[in-house]
Ligand code: HEC
């Protein structure tokens, strides 16, 4: 079999819902297991793909009729978050949008979605853009507290001398 045929076969399998993640993925400081991503993939395709697309690009028949358009997750620009500018939303912010929807737009709310399914979906959304692997959303306590300034990183100076190991005399 040619390489091309193999690739076609692999793509075909993926399209049938047989896609599975081979290992955990890291988003910011969070590691997400493959089985969670697989679950997110299934639930996303069931509930969200009609508008957001199985490829996350939101170029579906349904999305043509919507204004504003459903979010393209491969671009990873988000509106509903506290952080200014183009920062990524937190997991909590993503969950809120999915739970409650966005009133006045085509984005419905999913109040009865199982909590584990919800978590799996929002992790899965992050697999559409590499942004999630290189950037972390601002943490809740981010105001002016750069990592290097954390008190635990500030060594008291001159304490080394006190810690000499005392060796028994030969
Ligand atoms: C009927 C179409 C439709 C379905 C189904 C749908 N969405 Fe959306 N979604 C939208 C639209 C439209 C927007 C844009 C809303 C806006 O611009 O505020 C959106 C926006 C979003 C956003 C972006 C929020 C932001 O901050 O920019 C997320 C996340 C999201 N949807 C997740 C989901 C998930 C997860 C599901 C499945 C559980 C889902 N959507 C199902 C239409 C849909």
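The values are calculated or read from the model by the stated rules, or taken from the named source; none is laboratory data. Please read all numbers here as calculations on a predicted model, not as lab measurements. Every residue, glycine as well, gets a Cβ built from its backbone with ideal geometry; the counts of neighbours run over all protein chains shown.
When you go through 14, 34 one by one, which is the residue that is under 13 Å from residue 127 (Cβ atoms), surrounded by fewer than 16 Cβ atoms within 10 Å (Cβ to Cβ), at pLDDT 95 or above and more than 10 Å from the ligand (Cβ to nearest atom)?
34
It is to be established whether one or more residues within segment 49-57 are near the ligand (Cβ under 6 Å from one of its atoms) and within 19 Å of residue 132 (Cα to Cα).
Within segment 49-57, the first condition is being near the ligand (Cβ under 6 Å from one of its atoms), and the residues that meet it are 50-52.
In the following step, the residues that additionally are within 19 Å of residue 132 (Cα to Cα) were identified as 52.
For segment 49-57, residues near the ligand (Cβ under 6 Å from one of its atoms) and within 19 Å of residue 132 (Cα to Cα): present.
Can you find, within segment 69-90, the residue that is surrounded by the fewest Cβ atoms within 10 Å (Cβ to Cβ) among those that are without any contact (Cβ under 8 Å) to a residue 40 or more places away in the chain and more than 9 Å from the ligand (Cβ to nearest atom)?
Checked segment 69-90; the qualifying residue surrounded by the fewest Cβ atoms within 10 Å (Cβ to Cβ) is 85.
Looking only at segment 86-100, how many residues end up being more than 18 Å from the chain's Cα centre (by Cα) and assigned to a loop (DSSP other than H, G, I, E, B)? Lay out the reasoning, then the answer.
So the first thing to find is which residues in segment 86-100 are more than 18 Å from the chain's Cα centre (by Cα), and the list is 100.
Narrowing the set further to residues that are assigned to a loop (DSSP other than H, G, I, E, B) leaves none.
Of the residues in segment 86-100, 0 are more than 18 Å from the chain's Cα centre (by Cα) and assigned to a loop (DSSP other than H, G, I, E, B).
For segment 37-48: of the residues being near the ligand (Cβ under 10 Å from one of its atoms) and outside any loop (DSSP other than H, G, I, E, B), which is nearest to residue 23 (Cα to Cα)? Before you say what the answer is, go through the steps one by one.
In the first step, residues of segment 37-48 are kept if they are near the ligand (Cβ under 10 Å from one of its atoms); the result is 40, 43-48.
Then keep just the ones that are outside any loop (DSSP other than H, G, I, E, B); that gives 40, 43-47.
Values: 40: 14, 43: 19, 44: 19, 45: 20, 46: 23, 47: 24 Å.
For segment 37-48, the residue satisfying everything is 40.
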